[in-house]
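Taking it in order: structure first as structure tokens, then the write-up.
The values are calculated or read from the model by the stated rules, or taken from the named source; none is laboratory data. Keep in mind the model is a prediction, meaning the values are calculated, not measured. Note: ideal-geometry Cβ built from the backbone for every residue, glycine included; neighbour counts use all protein chains shown.
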Amino acid sequence: MHPVRLAFNAMATRFEIVILDVDPVHARAAAEEAKREILRVESQCSFYAAASELSRINREASQRPVRCTAGMMRLLQECARLHKETNRYFDPTIAPALARWGLRKQSASGRVPSAEERRTLVETIGFDAVELDASARTVYFARHDRQLDLGGIAKGWALDEARLILEESGIGRALLHGGTSTAIGMGRDPSGNHWKIGVEDPYIVSGEPSWIMGISLQDQALSVSGVRGKWFRDDSGETQIEYGHVVDPLTGMAVSGKRLSVAVSDSATTCDAWSTALLTSSALSVPSHIAGTALQKTDLGWTATIGAPDPDWQVAAEILPLH
Amino acid sequence: MAPKRFSRRNFLKAGSLGTLAGVLAAGERLPAEAAAARAPFTDDPFPCAVIGFGEWGREIAAAIEDIEELHLTTICDNFPLMLRRAQRAHPQAARVADYREVLDDPAIVAVFIATATHEHKDLVLDALQAGKHVYCEAPLANNIEDARTIAQAGLAAQDQIFQAGMLYRTEPQYRSVYGFVRSGAIGRPAMTRSQWHQKTSWRRSSSSAERARSLNWRLDKDLSLGLIGEIGIQQIDYSSWIIGARPKAVTGFGGIMFWDDGRTVKDTIQAMIEYPGGENAMYDASLVSGFDASYDLLFGNDATIILRDEKAWMFKEVDAPMLGWEVYARKDKFYKETGIALLANATKLDALGQDPTEDDPNAKPPIWHALKAFADNLTYGPFPAIADARLGFESTVVAIKANEAVQEGKRVEISDDLYEL
């Protein structure tokens, strides 16, 4: 059984699909269909492409209910569910805050908004003002300053949709990931074990990767969020502070410090939302259908601030590096 | 083509039911099929169906949902998996496996046929017979006899719209460039060059081996017109439109360079299309290299135009006359050349307060424009479609002969009698 590997760029990152199947021709065709699905989601959910469905919603939904596709409605319903489940710490209306922090684009240089600015910012955030009418399939913004940004969840959603395509094609063993931060393991890896993913310490940048933990995915998804990735360092104070691309929707403050969160569940969409929420909040309780933890690096190493790493999440020799 | 009778447009012009009553009283009878196909004289969207929910059928269905004059009521596919996907994407639409259920539904006004090329003929003939307006994907068929039968039926259906899926004929940027070339902006058109590159196996997957064989008709030379016929038909049609003539011969080459997986169509092809005026169109397509994707180049003695991603730029020769407006136009650098951006609808965008040089927020894919033209025809017509049966037939003839040239690696002449209907 030979692995078929397909890599491509989407959502400003690198996606990869690895399939194990007795028929590599069939596996390649299935991987290509999954790729097309991911690209379709990308074009639908792009915040920047003027002609995307999301951009049209952002332009028009504060003026009138905007009819959307069935796929977009399912995604927004998921957003609503996860917004509630995470006690509002996952909020896809965070775009204005990210822009104010200068964290919208990879090349942007960040700045720390004043306390007053942050108070104003918080007023512009809130998925509660996004009204969904499933029967009419419309989206309406009850406040004119709302903007949807699905960047925190689109990778997971795209991977979930791609997994469905693979399952429909009869693929039972595969690993899919987007940017190495969101992954799905289907079935068993080439050695017959569950796909094992390594969570790398982002603060050790030289030499061999340093694994914080290794997680076996038993037909599950995984998402990791961290401050490193898209971040800036504020040198204006007495101490240097690193701010990451996740902003607390309740305070308007960007996440700072050496922090990392991990979420594992059946759905990559759920994982994406929960890893974001866990990175943001210091007091979330994780529901039973999700395995999740938030970690902070101190002089003593990585310690859990929320939940605890699953005892099975241990570094093992057969860990699969995704880089 | 004779004027079409009792069109919705004419009815609206007449402006009263009394007029229709008068016409009927005068003894002119509505054919039963035409009555079924006719618009219901309301502002309600036209109920329609998509037959074939593969990749292209899904694009068509998505475009229909984005056109207010159309209402997607039914999706037909004989593959249960496709109907499950239809349920996810279009939960409001009924799903049927037998196309006759679509044709027997009197509420459905129009059908969009997006099945495998070799399956078009029976579907088109039955749909027209059932009184439906028909949009048929290009190529119309995989052999000239079937294509001719389809086109003849389309032309004979006087009260029904028949539109072939020649996408660039209705795409605003391509239409704009056509007008531009016709106005003499590039001087004398000398040649064209087009390419379509995508790294993909072109293969579809299925959990059932038998179904996979059926889904992969594109890879079977007995069913498929290959890359030049199934994909290149659009770009070659545009070249013919620009040059203003039908091809008289095609020389083709190709091979299976990479995807040696049992397929019998080439994965990399080149072709030279000859026109009566001495112009040639060069075309190549590959599933092996995705480099530089897809574009069309139109060369003239004063300028060359490139079209890609529904955008266009013009590169002028140093000795070309100045065009009054070009000093105001946006210019983009391409390596050592400077291209003048050609923008369709620039005046309209400006009037709407949108910067014409930014990405158009209302940009739609070519299939949307093709279906919008069909919907407008339903609303205000029927009048002869821009991409009518004759155009669809002639383009299909070129596609068939070009594929023959590529498969056999030789020069194939296309005599005028082949274009006859």
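Given the criteria at the interface with chain B (Cβ under 10 Å from one of its Cβ atoms) and among the polar types (S, T, N, Q), does A:Ser55 qualify? Answer is yes for this residue. Looking only at region A:102-123, decide whether some residue is in contact with a Pro (Cβ under 9 Å, 6 or more places away or on another chain), at pLDDT 95 or above and surrounded by fewer than 23 Cβ atoms within 10 Å (Cβ to Cβ). Checked region A:102-123: no residue is in contact with a Pro (Cβ under 9 Å, 6 or more places away or on another chain), at pLDDT 95 or above and surrounded by fewer than 23 Cβ atoms within 10 Å (Cβ to Cβ). Residues in region B:142-164 that are of a type in the set (A, V, I, L, M, F, W, C) and under 10 Å from B:Phe393 (Cβ atoms) were compared, and the one that is surrounded by the most Cβ atoms within 10 Å (Cβ to Cβ) is B:Ala164. Tallying residues that are at the interface with chain A (Cβ under 9 Å from one of its Cβ atoms), more than 22 Å from the chain's Cα centre (by Cα) and either surrounded by 16 or more Cβ atoms within 10 Å (Cβ to Cβ) or at pLDDT 95 or above (or both) within region B:205-229 yields 3. Could you tell me whether region A:88-99 includes any residue that is within 14 Å of chain B (Cβ to nearest Cβ), part of a loop (DSSP other than H, G, I, E, B) and buried (at least 21 other Cβ atoms within 10 Å of the Cβ)? The answer is no; no qualifying residue exists. With respect to the stated conditions, B:Thr192 fails to be closer than 19 Å to B:Gly232 by Cβ, facing chain A (nearest Cβ under 10 Å) and at pLDDT 95 or above.
Residues checked against (1) surrounded by fewer than 22 Cβ atoms within 10 Å (Cβ to Cβ); (2) more than 9 Å from chain B (Cβ to nearest Cβ); (3) of a type outside the set (Gly, Ala, Ser):
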position: A:Ala30; (1), (2), (3): no, no, no
position: A:Glu37; (1), (2), (3): yes, yes, yes
position: A:Ala51; (1), (2), (3): yes, no, no
position: A:Glu60; (1), (2), (3): yes, yes, yes
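With the structure loaded, tell me whether B:Met166 is modelled with pLDDT of 95 or more, more than 14 Å from every other protein chain (Cβ to nearest Cβ), touching an Asp or Glu at 6+ places or on another chain (Cβ under 6 Å) and more than 24 Å from B:Ile386 (Cα to Cα) or whether it fails that test. Against the criterion (modelled with pLDDT of 95 or more, more than 14 Å from every other protein chain (Cβ to nearest Cβ), touching an Asp or Glu at 6+ places or on another chain (Cβ under 6 Å) and more than 24 Å from B:Ile386 (Cα to Cα)), B:Met166 does not qualify. The residue that is nearest to the other protein chains (Cβ to nearest Cβ), among those in region B:56-101 that are assigned to a helix (DSSP H, G or I) and of a type in the set (Asp, Glu), is B:Glu65. Evaluation of A:Thr270 against the conditions (1) modelled with pLDDT under 90; (2) not in a loop (DSSP other than H, G, I, E, B) shows that the sole unmet condition is (1). Among the residues of region B:43-55, the ones that are in a loop (DSSP other than H, G, I, E, B) and among the charged types (D, E, K, R) come to 2 in all.
Criterion applied to B:Trp241, B:Trp259 was being under 22 Å from the mean Cα position of the chain (by Cα) and of a type in the set (Phe, Trp, Tyr), and the one residue passing it is B:Trp241.
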